[in-house]
Amino acid sequence: SKREQQKQIIIMRALIQRVHSGSVSVRHSELHNHALPPSHPSQPEPQSIKTIGKGAVVFLGISSEDTLADCDYVLRKTMSVRLWPDNNNDNAEKNKQWTKSLLDLNLDVLFVSQFTLLAECTKGKKPSFSRAMTPKEAKEMYDEFLKKAREEYKENGIKEGQFGAMMDVHIENDGPVTVLIDSQNKGG
């Protein structure tokens, strides 16, 4: 049925990019001139900057149907998916791709909340974001997601952008390797 099809597409999404480095800065939205690039001399300095070295930049989209179980699943998959080679192995497996995870290598993660990952572009020319969770509820879930990431994985290695802010994200891709994880495909 149409209702079942609609339910299948409302999911939490994490877009993971393997990086050599990444950073996020928050713009002064009330002072920022959106007609000019962020680097223009007349633009105000960013409010805050968070940086990571080797690791992953993860864009997280939270849908209106998501639960804490979705958070747990997406976080577990994000931290354990094998996106890096094993460069420390001395045998014939040296440099074998897809053998190490963020956890295995103790790498940093920069999480950026991004409701636009849930855009639906099937009707007209303007994207619809109706599948995204309301900002108040999404902020609560995002904060819980980050709390759990710091508790269960690496407190000092988890960085984040500012929820709901206009941000500039800088990524030095490694590969590039980009993987999409969604809470609909819970397989383990």
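The values are calculated or read from the model by the stated rules, or taken from the named source; none is laboratory data. Computed from a predicted model, the values in this text were never measured in an experiment. Ideal geometry is used to build each Cβ from the backbone, glycine not excepted, and the neighbour counts take in all protein chains shown. For the accessible areas, the whole protein counts, side chains as well, though only heavy atoms, and no ligand, DNA or RNA atoms are used. Shrake-Rupley method; radii C 1.70, N 1.55, O 1.52, S 1.80 Å.
Limiting things to C-alpha atoms, what are the Rg and the maximum Cα-Cα separation (Dmax) for the stretch 123-171, in angstroms?
14.3, 44
Looking at the chain, send over the antiparallel percent of its DSSP beta bridges, to the nearest 5.
75 percent
Among PHE145, PHE115, PHE129, which one shows the biggest mean-square fluctuation in a GNM of the chain, springs joining Cα atoms closer than 10 Å?
Ranking PHE145, PHE115, PHE129 by mean-square fluctuation puts PHE129 first.
At 222 nm, what helix-only mean residue ellipticity would the chain give, in deg cm²/dmol to the nearest 500, using -39500 (n - 2.57) for each DSSP H run of four or more?
-7000 deg cm²/dmol
Semi-axes of the chain's equivalent ellipsoid from the Cα gyration tensor, sqrt of 5 times each eigenvalue, largest first, rounded to whole Å?
In descending order the semi-axes read 28, 24, 16 Å.
Quick one: if you stick a label point 7 Å off each Cα along the C-beta vector at SER39 and ALA165, how many nm between them?
Calculated label separation equals 2.1 nm.
Using a 1.4 Å probe, what is the accessible area per residue for the chain, in Å²?
58 Å²
How much of the accessible area of the chain, probe 1.4 Å, is carbon plus sulfur, in whole percent?
Taking all protein chains in place, the chain shows 49 percent carbon and sulfur surface.
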